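Structure, as structure tokens:
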Amino acid sequence: PRRTHGNTPRVGGAGAVPRAVRRCAHRRVGARRRSGVGAEHSGQRIHLEALEVRAESRSDSRGMFAMTDADGRQVPAGPLEVSLTVRIVAPGESPDRLRAFVETALGSSPIPSLVRSALPLTIRVETA
């Protein structure tokens with residue numbers, strides 16, 4: 001959902017998750033969009049010519065208002081799904097090697113790992 005603050009439209013709270021996933025994934029792959037920047041993988045360098053990471057999510061705004069769906073179930077307030085698209089260009093590298101490189105990097109990336117595993121959240125409320 002989009003919110004408007006004054007005359008400037010901004011992405012609502014649900015947009016924070018895909019932004020965090022995208023930023024962490026991009027950093028973890030370890031390259032910038034500049035030509036000739038390398039990243040380590042299995043002891044060999046991969047020289048990246050381009051790296052683009054796009055994250056998208058699908059959310060239902062009713063969740064932010066504690067509404068229920070047609071079946072009476074509470075609609076989740078966060079994203080219902082998150083997808084990550086990585087475009088990587090490294091001349092001379094096979095698509096399989098690049099796929100493995102990205103999957104390995106993302107497997108040890110904190111925020112994409114958190115989203116993928118969807119850990120239960122324990123909430124403790126302490127009052128005075």
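The values are calculated or read from the model by the stated rules, or taken from the named source; none is laboratory data. All of these numbers come straight from a predicted model, not from anything done at the bench. Cβ sites come from the backbone with ideal geometry, for glycine too, and all protein chains shown count toward neighbours. We work out accessible area using only protein heavy atoms, side chains counted, and drop any ligands, DNA or RNA first. Shrake-Rupley method; radii C 1.70, N 1.55, O 1.52, S 1.80 Å.
Please verify whether ARG54 is open to solvent by 70 Å² or more (accessible area, probe 1.4 Å), assigned to a strand (DSSP E or B) and either closer than 13 Å to VAL29 by Cβ or touching a strand residue (DSSP E or B) at 6+ places or on another chain (Cβ under 8 Å) (or both), treating the condition exactly as stated.
yes
Do you know which of the residues in the stretch 71-115 that are of a type in the set (S, T, N, Q) and more than 20 Å from ARG28 (Cβ to Cβ) is least open to solvent (accessible area, probe 1.4 Å)?
The initial filter retains those residues of the stretch 71-115 that are of a type in the set (S, T, N, Q), namely 74, 83, 85, 94, 104, 108-109, 113.
Next, from what is left, pick out any that are more than 20 Å from ARG28 (Cβ to Cβ): 74, 94.
Details: GLN74: 115, SER94: 56 Å².
Residue satisfying both the conditions and the ranking: SER94.
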